[in-house]
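Asker: One structure is given below, represented as structure tokens, and several questions about it will come after.
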């Protein structure tokens, strides 16, 4: 049989940037092809070419030996190609089922009037979700779901088209360990049915678990394709970045400074239960836990984004009676949120404006912005964080995921915080950008800043933190010094009682 998908000499150029430079790709039936590359390597552009969102300048695409032309997403669906993007495109005000079949709702004729058949939508959605083996209510509003749950809805939506080629762009970037294993099982089952899977990921540890072959892109070029047996993390990283890859060094734990944040008996119904901890100057305190453990809900309550039912928050020795973001910022607290595109950036604003949104008082006089000051602060942060952009006036949505994340962090660093709360700061970014952010966190701690660090990647938590809080079902069940634990023990602790009431639902 011919390969399901063949791309030959695909080129795409934007003003001043060659995104794809004569890229070839051949994917066979029943094959999972991992696609890797650092941010800006061309992965996203290649995915958009396959999905019909972008048209290549030159090159050809064949499906099962037939040349095809994909001008728009509808053409991709017609040719049996479905794509799940890393950044989601769901309608929050509609249900899970309505989103899965958006634009394709079945109808029924009653009394001469054609109506939406909501029962049929629910039935079809149940069938699709069963393929993912997740306990997700199809009648639940998407607005009530977490980021991880929304990702599962996006994957179900793609599967509802019954594709021959399924493109997954960072499908597990927001998923905890148990959902990752479920997704990998779905991917393997789809392959046994003769589908081809293109699996874009930055998580190198996933590749041996799910892929058959690995293709690396760098600077828009196809560097090579190797079998998964040869795809060690060091080999993949070398193909991606063009140099020997060294993981971030293990940092020495410094003696803790004075307490800058105290949380006592904080509780919020169905989310956080009687949580207490202290955070010190120059310390990186990690919070580890699975989906539904209450990590994000905890830091949102601390920062005043969500109310809490009971407890006490003390910042710099002062009790905060009514936490609110403006008040917490005034006391030197900053939060980089979990969802950078919806909560951390204004995507249609420039890099310059996004880097200074949180510190308008530093660049304004009597409500009037001082443009030279704004320019200077933005330029300084671009250089400090090594943000890859062709200029300060570039629109934020055009940046790669890693550079968008750096802009989010830079925006809050411009407020000159004493306490930095980071919720999933490395989700969906490449290894080089991850190492830069981890190194930044340790430099900030060395300069005396206190950092509260949340990550779904336990290796990362072990690598960057001084202490680790383990959360299960809204409670802190264990506190460990980093040097007192290892990855196996940490995984066992975060999964403690994980099957007791941890099913995905709508109770967020």
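Asker: Averaged over all directions, how much area does the convex hull of the C-alpha atoms of the stretch 332-429 cover when projected, in nm²?
Answerer: In nm², the orientation-averaged hull projection of the stretch 332-429 is 5.9.
Asker: Please figure out what share of the DSSP beta bridges in the chain is antiparallel and state it in percent, rounded to the nearest 5.
Answerer: Expressed as a percentage, antiparallel bridges in the chain total about 60.
Asker: Could you give the length gained by full extension between residue 135 and residue 347, i.e. 0.36 nm per residue of separation minus their alpha carbon distance, to one decimal place?
Answerer: Working it through step by step, the gained length comes to 73.1 nm.
Asker: Okay, moving on. Per the Kirkwood definition applied to all pairs of different Cα atoms, how many angstroms is the hydrodynamic radius of the stretch 405-483?
Answerer: For the stretch 405-483, inverting the mean 1/r across all distinct Cα pairs yields 13.4 Å.
Asker: Once both labels are modelled 7 Å past Cα along the beta-carbon direction, what's the residue 274-residue 53 spacing in nm?
Answerer: Taking the two extended label points, one gets 4.6 nm.
Asker: Also, I was wondering about something else. Order by neighbour count: 267, 456, fewest other Cβ atoms within 10 Å first, most last.
Answerer: By the 10 Å Cβ count, ascending: 267, 456.
Asker: Also, quick follow-up: Taking the Cα atoms of the stretch 259-494 alone, what are Rg (to one decimal) and Dmax (as a whole number) in Å?
Answerer: Rg and Dmax of the stretch 259-494, Cα atoms, are 17.5, 55 Å.
Asker: In what order do 303, 349 fall by count of nearby beta-carbon atoms within 10 Å, going from fewest to most?
Answerer: Final ranking by Cβ density, sparse to dense: 349, 303.
Asker: Under the Kirkwood approximation for Rh and a Cα-based Rg, what ratio Rg/Rh is obtained for the stretch 79-218?
Answerer: 1.01
Asker: Could the peptides 462-472, 126-136 be put in order, highest first, of the mean number of other beta-carbon atoms found within 10 Å of their residues?
Answerer: Per-residue mean Cβ counts within 10 Å order the peptides as 462-472, 126-136.
Asker: Nearest-5 percent of antiparallel DSSP beta bridges in the stretch 259-494?
Answerer: Antiparallel bridges: around 55 percent, rounded to the nearest 5.
Asker: Here is a follow-up. What Kirkwood radius, in Å to one decimal, follows from the Cα pairs of the chain?
Answerer: Taking the inverse mean of 1/r over all distinct Cα pairs, the chain comes out at 24.1 Å.
Asker: For the stretch 5-240, what mean projected area does the convex hull of the alpha carbons give, in nm²?
Answerer: Taking a quarter of the hull surface, the average projection is 13.9 nm².
Asker: Please compute the modelled spin-label separation between residue 221 and residue 8, points set 7 Å along Cα→Cβ, answer in nm with one decimal.
Answerer: The two pseudo-label positions are separated by 2.2 nm.
Asker: Multiply the residue gap between residue 108 and residue 66 by 0.36 nm, knock off their C-alpha separation, and tell me the result in nm, one decimal place.
Answerer: The residue 108-residue 66 span can extend by a further 11.4 nm.
Here, each number is a calculation from the coordinates, and none is a lab measurement. Just so you know, these numbers come straight off a predicted model, no measurement behind them. Positions of Cβ are backbone-derived with ideal geometry, glycine not excepted, and every protein chain shown enters the neighbour counts.
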